[in-house]
Each structure stands twice: as C-alpha cells, then as structure tokens.
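Notes for the one structure printed next.
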Amino acid sequence: MTNTAMIWPVIAQVLLVYIVYGLMGKRRFGAVRQGTARARDFLIPSVEPETSATVARNLTNQFELPVLFTLVCTLLYVTDGVSILTVSVAWLFVLSRYGHAFVHVTSNRLMLRHRLFVAGFFLNALLWLLLAIHIV
C-alpha cells in the first residue's frame, strides 16, 4: 500500500469541516431571514438560536480530536507507517466523525452522539498505538 492512501481519509475529514461551515452559514442566514435572530446576535455565540448553535458547537468539535487524527496520519505518512490496517482505521475514524456530525446537527441524540464520539476516540488512539509500534 502506498503512503498516499493515508491522505484520502484526511481529505474526507477536511471536507466534513467545510460541510459543517456551509451548514452553519446556511442556518445562521436562515435564522436572520426568519426573524429568530439578528445578524449582530452572532457576535456573541451565547445568544445564538439552537439550530445554528448546535452546528457552531459541532464545528468546534472538528478542531479537537480531528486535529490529533490529522497529525497521526501525517506522521504515519512521513515514517512509512501506512498499511491496510492504518488506512482502514483512519477511514473508520472519519466515518465515526461524519456520523457524529450528522447526529449532532440533526436529532442531537446525546447517547448516539456519545457512542460515535467514543468510537472515534478509540479509533484515533489505535492509530497512535499503531504509529508507536511502527516507530519501535
């Protein structure tokens, strides 16, 4: 397997960030058009309508655990640690993040969202473990 195979899950994760940005903009503009918010309300996120606040919170989530994911994928790439196992785990992580984001910005069912987060957490930890094993 070539090292470049590890780049595609990272690109998919970055795409998710752009999707969430787009959704946040759409919901914020929609709130202003519907009269449930004023444009200046978005200066202080605490007064944001719930429909866009959940998306804004999800966007924050995209710069937490996924940052560690991007770093571990980069390190696996530069150390020639890419394998079918690491790429598979990376894709599973990305799927967990898409699932987490979807639940967060739609039903926001906490237990399901939590399960998806925990799955991603352990998949990310597994990537770091695989990197450590590779380096040793």
**Fill in**
Per the 1/(1 + (r/R0)^6) rule, R0 = 35 Å and r from the Cβ atoms of Ala125 and Trp8, FRET efficiency to 0.05 is 0.95
**Request:** May I have the pair-distance distribution P(r) for region 13-69, computed from all Cα-Cα distances with 10 Å bins from 0 and rounded to whole percent?
**Result:** 25, 49, 22, 5
**Fill in**
Taking Cα atoms only, helix 50-61 is inclined relative to the longest principal axis of the chain by an angle, in degrees rounded to 10, of 20 degrees
**Prompt:** At what distance in nm do the modelled label points of Arg33 and Arg115 sit from each other, each positioned 7 Å from its Cα along Cα→Cβ?
**Reply:** 3.5 nm
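Counting only other residues whose beta carbon sits under 11 Å from that of Met24, what net charge do I get with K and R as +1, D and E as -1?
The answer is +3.
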**Request:** In whole Å, largest first, what are the principal axis extents of the Cα atoms in region 92-136?
**Result:** 43, 15, 10
**Request:** Taking the chain as the reference, fit the longest principal axis to its C-alpha atoms, fit the long axis of helix 84-105 to the helix C-alpha atoms, and give the angle between the two in degrees, 0 to 90, nearest 10.
**Result:** 10 degrees
**Request:** At 0.36 nm per residue, minus the direct Cα-Cα distance, what do Asn108 and Leu95 gain on full extension? Give it in nm, one decimal, please.
**Result:** 3.0 nm
**Fill in**
When every protein chain stays in place and a 1.4 Å probe is rolled, Phe117, Phe42, Phe93 sorted by accessible area with the largest first are Phe117, Phe42, Phe93
**Net charge over other residues, Cβ less than 14 angstrom from the Cβ of Phe117 (K, R count +1; D, E count -1)** = +4
**Message:** Can you tell me the length gained on complete extension of the stretch Tyr18 to His134, counting 0.36 nm per residue apart and subtracting the Cα distance?
**Reply:** 38.6 nm
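Top to bottom by accessible area (1.4 Å), largest first, where do Met24, Met6, Met1 land?
In descending accessible area the options line up as Met1, Met24, Met6.
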**Prompt:** Want the number for Met1 to Asp80: 0.36 nm per residue separation, take away the alpha-carbon distance, what's left?
**Reply:** 27.4 nm
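Of Trp91, Trp8, Trp128, which has the most accessible area and how do the rest follow, probe 1.4 Å?
Trp8, Trp91, Trp128
The values are calculated or read from the model by the stated rules, or taken from the named source; none is laboratory data. Nothing here was measured: the structure is a model prediction, and the numbers come from that model. When we count neighbours, we look across all protein chains shown, and the Cβ atoms used for this are built from the backbone with ideal geometry, even at glycine. Remember, those area values only see protein heavy atoms, side chains included, never the ligands or the DNA or RNA. Shrake-Rupley method; radii C 1.70, N 1.55, O 1.52, S 1.80 Å.
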